[in-house]
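To keep things clear, I will list the structure first and then write my remarks on it.
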Amino acid sequence: MLQTALDEIWQILQGKPVDAARIRQLRDDCQDVMPNLEDFPGSRYDGEAQEAAIAIIYTLDACLEPSKSCIIKVVNCALRTLHLALYSEYYFSDNTLPDDIFQRLVKEMVNHPWTLRELAKQREDLENLRNAKTLDREFLSRLRNSFTNDGKSLIDLG
C-alpha cells in the first residue's frame, strides 16, 4: 500500500490531476498498514518503518494542500529516522543505555555518515529543483531515481 501511495504521488508530480477522494483513501490505507510501536515491543526497525509511513502520509497531505509546513514534516521524518536508527544501534548493541544517551546521539548524529549523506541529498535535490525550468517527466524520473545508495535505504538496510 505504501508503494501504491508513492506511485500516486509521483504521478501527480508528473501532471496527473489530484483526486482528493483517492488521496484520502490512500492516506487511510497507509495509516492502516503503519506499524504500531505497541504491537511489536523491542522490534529492531519498527520506529523507522513508522516514520516512513508517516512521511508518505504527510506527502499525501501536501498533494491535497501544498504547503511548506507539509514538506518540512516530511524532512523531519527523515531526520527522526536517522535519530531512531542511531538510538537503536546503542540499544541493540548491549541493552545498557548510558545516562547521557540523547546528548551523545545529538553529537553523533550531526557528523554521522547517514546524516551527512541525507543532508547532501536534500541540498542536491533542492538545487536541482531550483534550477529546473519545468518539472517534466524526464526530470521527475531522474529525481525519483537519484538516490541509489547501492540499493540500500537511508540507514543502509538492504
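Read the figures in this text as sums done on the coordinates, not as results from a lab. Since this is a predicted model, take the numbers as computed values, not measurements.
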In whole angstrom, how far apart do the alpha carbon centroids of the stretch 59-82 and the stretch 100-144 sit? 13
Counting only C-alpha contacts under 8 Å and six or more residues apart, can you give the relative contact order of the stretch 2-151 as a whole percent? 22
If you take the square roots of the eigenvalues of the alpha-carbon gyration tensor of the stretch 2-151 and sort them as a ≥ b ≥ c, do you get rounded (a/c under 1.5), prolate (a/b over b/c) or oblate? oblate
